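Q: Structure below; questions to follow.
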Amino acid sequence: MTQVIKLSDKAANRIKEILSQEKDTMGVRIGVKSGGCAGMAYIMEYAKTHQPNDELIEEKGVKVFIDPSAIMYLLGTCLLYTSDAADDLLCV
C-alpha cells in the first residue's frame, strides 16, 4: 500500500521542534475542510490523541495522524518546510 504522505527532512525537523514546546502532544493531525480556491483547504493541528479511524504515518521520528476524510486529497503528498526560497525542496 502506498504511504499517504511523506515528509521532507526539513519538515520533519520543524515539526519535532514545534512539538518539543508542547505538552501532551503525540504528533500532528492533518485534515481538509471546505474553503480555498479549489474548494478545499488543508488544516494541521496538534494531535493530543489517536482517533480510532486516523491513518497513522510514522516517519523520521514524527507521528502524523491523517483524518480519514482527507486521505483521498492527500494521497501521494509530500510535506515540505521552507524558510527561504533558496531551500532545497526535496521529499525523499
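The values are calculated or read from the model by the stated rules, or taken from the named source; none is laboratory data. Just so we're clear, the structure is a prediction, and the values are computed from it rather than from any experiment. When the accessible area is computed, the model is the full protein with side chains, heavy atoms only, and any ligands, DNA or RNA have been set aside. Shrake-Rupley method; radii C 1.70, N 1.55, O 1.52, S 1.80 Å.
Q: For Cys78, enumerate residues with amide H under 5 Å from its amide H, sequence gap 5+ or separate chain, H modeled in the peptide plane.
A: Long-range HN contacts for Cys78: Lys6.
Q: Could you check how much of the accessible area of the chain is carbon and sulfur, as a whole percent, using a 1.4 Å probe?
A: Summing carbon and sulfur atoms, their accessible area is 53 percent of the total for the chain.
Q: Over the chain, with a Gaussian network built from C-alpha contacts below 10 Å, which listed residue (Ile15, Ile43, Ile57) shows the highest mean-square fluctuation?
A: Ile43
Q: Residue by residue through the stretch 66-75, what is 3J(HN,Hα) from phi via Karplus (6.51 cos²θ - 1.76 cosθ + 1.60, θ = phi - 60°)? Round to whole Hz and write x for glycine and proline.
A: Coupling constants for the stretch 66-75: 10, 4, x, 6, 9, 4, 5, 8, 9, 3 Hz.
Q: Right, here's the next one. Enter the accessible area of Val62 (Å², nearest 10), with the probe set to 1.4 Å and all protein chains included.
A: 10
Q: State log₁₀ I(q)/I(0) for the chain at q = 0.13, 0.14, 0.15 Å⁻¹ as given by the Debye formula over alpha-carbon point scatterers of equal weight, solvent excluded.
A: -0.44, -0.52, -0.59
Q: A further question on this structure: Taking only Cα atoms and a 10 Å spring cutoff, compute GNM fluctuations for the chain and point out the largest among Ala11, Ala47, Ala38.
A: Most flexible of the set in this elastic network: Ala38.
Q: Which order do Asp84, Asp54, Asp67 take by accessible area at a 1.4 Å probe, largest first?
A: Largest accessible area first, the list is Asp84, Asp67, Asp54.
Q: Here's another thing I want to ask about it. List nothing, just return the count: lysine pairs in the chain, 8 or more apart or interchain, with Cα separation under 18 Å.
A: 11
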